[in-house]
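Just below is one structure, and these are the notes that go with it.
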Amino acid sequence: MHRPRNIAWGRVATITVVVVCLTYAPVAMTELWPYARPGAPAFGQWVLARTVSARYAADALATRIGPYGRSLVPLVVHSVLGGLLMLLGPVQFLSAVRRRTRLHRAAGVLFAVTVYASMAGAAVYLARTDPADAFSGAAFWIMLTTILVGTVLSVTFGILAALAGLPDLHQRWMLLCYGFLMTAPLLRLEWGALPRLLPGLSMVEINRVAVMHLGSLVVFGALLASRALDRRTRVPGVAGTWVPLPVLLAAHLAGAGGLGWLAHALLGLGGPGPRLLAGYLIPYVLAYAVMVAGQRRAARTGNGWAREEWRLHLAALCLAPAFSAAIALPLRHTMGLDRLTALTAAAGIGCGVLAFAATAVVSLRVLYGRELVRRTAPSDGAGRTPAVATSAAV
């Protein structure tokens, strides 16, 4: 009974992601038309005006005319190519699952080039825009910059892993890259959904709530996809754990301290503080519960590799609030931010940064295991050790 249910959930998740990507692609490609030519149709704004209100959509458009006008060409490049990435992502994923190697490689090259070009357009816009002039202010600018860096580094590490013949690591980095890219359609969904839960808020205020958890949602989704696709119970050379119980307990203590500090600081703001804290805590607690359950289930079934990966990401998740608490004050003083903006930015990027670090540690874990196998393998008659077999991710 277990296996059919797992396959059904996997198909549901795949279909959902594909539908979201295909739906968002035309939204991304047409989003900046009104800024280049006033009155031009924009599918996303049309939908938003009818799902929330025309005033809600118009207010967001009015505040962007100046900042977007100064970097319109780079932004058009970014948005049009971003829509193309929404189409290429499902092609990449489905071609990998179905073992269509030539299609996967060709689409992968196009995907990587498109990521670099699209992120170059975003980088030009961010460099030309003062953080305070960014959509929803400096916290949003910091989050966008963090996503840009994470996306570029993830696709770069994915390419290096593929060239090194490491499909399991290639898959993880590319899923993380696409997770960062998925912040765009998820944010648009939240523009339509959150006003129903939090009526009366402007899009700027909605964005502040979304910033608190978008990073944690997308990187958590990338982890779930990685674990669903990797059916191995062991990886050559990987034994034991890099996160023994004392280390995991220390991460929990640091995380509890960071959560306590963030909660106290956000509640001390009054006004938006409680809803910002709820926007952070609810997804965080859900992700934590799933990771704990995943590593316990892997331990019960004797799946040492799954247990280790869940455990590494769990430790990173625990450390995310501590990281956010540690950078809030430096962000505030180095960028001249107010307390609300600094707290929002610090909380918003913590889970994404630590999930990136966890993926890097998982990669090092695999590479260390391969090196250990290579060094301990018996040499042939010529004094050479046999090559370590490349492990498959699926």
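See the values below:
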item	result
Test for L148: is it without any contact (Cβ under 8 Å) to a residue 40 or more places away in the chain and buried (at least 18 other Cβ atoms within 10 Å of the Cβ)	yes
Output for the range 243-256, where each listed residue is over 15 Å from A322 (Cα atoms) and without any contact (Cβ under 8 Å) to a residue 24 or more places away in the chain	P244, L245, P246
Enumeration of residues in the range 223-243 that are hydrophobic (A, V, I, L, M, F, W, C) and either within 15 Å of W9 (Cα to Cα) or in contact with a strand residue (DSSP E or B) (Cβ under 7 Å, 6 or more places away or on another chain) (or both)	L224, A225, A228, L229
Residue that is surrounded by the fewest Cβ atoms within 10 Å (Cβ to Cβ) [pool: residues in the range 192-248 that are within 22 Å of the chain's Cα centre (by Cα) and not in a helix (DSSP H, G or I)]	D230
Residue match in the range 301-318 (condition: within 17 Å of the chain's Cα centre (by Cα) and under 25 Å from G270 (Cβ atoms))	no
Meets criteria (part of a helix (DSSP H, G or I), within 20 Å of L217 (Cα to Cα) and out of contact with any strand residue (DSSP E or B) (no Cβ under 6 Å at 6 or more places or on another chain)) for A316	yes
Matching residues in the range 257-276 - criterion: being among the aliphatic types (A, V, I, L, M), touching a residue at least 60 places away in the same chain (Cβ under 8 Å) and part of a helix (DSSP H, G or I)	L259, L262, A265, L266, L276
Hey, R311 in a helix (DSSP H, G or I), surrounded by fewer than 21 Cβ atoms within 10 Å (Cβ to Cβ), at pLDDT 95 or above and of a type outside the set (S, T, N, Q) or not	no
Counted residues, the range 259-295 - those being closer than 20 Å to L194 by Cβ and crowded, with 21+ Cβ neighbours inside 10 Å	7
Odd one out for P378, checked against (1) under 16 Å from the mean Cα position of the chain (by Cα); (2) surrounded by fewer than 18 Cβ atoms within 10 Å (Cβ to Cβ); (3) more than 30 Å from P272 (Cβ to Cβ)	(1)
Selection count where residues are surrounded by fewer than 21 Cβ atoms within 10 Å (Cβ to Cβ) and in a helix (DSSP H, G or I), scope the range 122-142	8
Residue tally, condition without any contact (Cβ under 8 Å) to a residue 12 or more places away in the chain and among the aliphatic types (A, V, I, L, M), over the range 199-233	1
Conditions (1) more than 26 Å from R339 (Cβ to Cβ); (2) in contact with a Leu (Cβ under 9 Å, 6 or more places away or on another chain); (3) β-branched (V, I, T); number of the one not met by T145	(1)
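The values are calculated or read from the model by the stated rules, or taken from the named source; none is laboratory data. As the structure is a prediction and not an experimental result, all values here were calculated from the model. No Cβ is skipped: glycine too gets one built from the backbone with ideal geometry, and neighbour counts run over all protein chains shown.
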